[in-house]
């Protein structure tokens, strides 16, 4: 009978059970609960939302792309709106995040905004040089969605609905 002998299989099985128990302990008792994109500092999100409301008011004064038939005029309006958005992103960068984790999340979100602003500039240039073309927006690595969807998701999770892309393309 081999009841008390340690075999490689028993050692492996014991380590596997220990690893699984440790993972579940971490998941239930130590890990952050809720959406991983949720900011710890609600004050940052409130300040960002207030700044984004101002941005939307400024964007509303510019003709939306759908109402302008001339591609060159549409490009000029797009450039003007992109300047407004860029100023908003600059202002949001100046807001101090409350925690190190928040700084990481906000930095990634603002990097997505940088990509989105670059896509807008490229689209405006294409409108001037190629005529009436559809916007080409950057996709996430692996093609699992767009930068725009990810940045809008972050804004929604943190109750910053005014910080969604303005939808003016």
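The values are calculated or read from the model by the stated rules, or taken from the named source; none is laboratory data. The structure displayed is predicted, hence computed values, not measured ones. Neighbour counts are summed over all protein chains in view; Cβ atoms, including those assigned to glycine, are modelled from backbone coordinates with ideal geometry.
Quick notes on this one:
- Yes/no for residue 96 being out of contact with any strand residue (DSSP E or B) (no Cβ under 6 Å at 6 or more places or on another chain), more than 30 Å from residue 169 (Cβ to Cβ) and surrounded by 12 or more Cβ atoms within 10 Å (Cβ to Cβ): no
- Within segment 157-169, residues that are in the same structural domain as residue 112 (by TED's automatic domain parsing) and free of Cβ contacts under 8 Å to residues at least 60 places away in the same chain reach no partner that is buried (at least 18 other Cβ atoms within 10 Å of the Cβ) and outside any helix (DSSP H, G or I) with beta carbons closer than 6 Å at six or more positions or on different chains.
- For segment 28-46, the candidate set comprises residues that are modelled with pLDDT of 85 or more and part of a loop (DSSP other than H, G, I, E, B); within that set, the residue that is surrounded by the most Cβ atoms within 10 Å (Cβ to Cβ) is 39.
- Residues that are in contact with a helix residue (DSSP H, G or I) (Cβ under 7 Å, 6 or more places away or on another chain) and either surrounded by fewer than 16 Cβ atoms within 10 Å (Cβ to Cβ) or under 16 Å from residue 160 (Cβ atoms) (or both), drawn from segment 69-85: 72, 85
- Segment 160-169 - residue that is surrounded by 15 or more Cβ atoms within 10 Å (Cβ to Cβ), within 13 Å of the chain's Cα centre (by Cα) and farther than 14 Å from residue 105 by Cβ and, of those, modelled with the highest pLDDT: 164
- Matching option when the condition is outside the structural domain of residue 114 (by TED's automatic domain parsing) and either closer than 30 Å to residue 131 by Cα or in contact with a helix residue (DSSP H, G or I) (Cβ under 8 Å, 6 or more places away or on another chain) (or both), among 58, 91, 37: 37
- Every residue from segment 131-158 that is touching a helix residue (DSSP H, G or I) at 6+ places or on another chain (Cβ under 8 Å) and surrounded by fewer than 16 Cβ atoms within 10 Å (Cβ to Cβ): 131, 132, 133, 135, 136, 138, 139, 140
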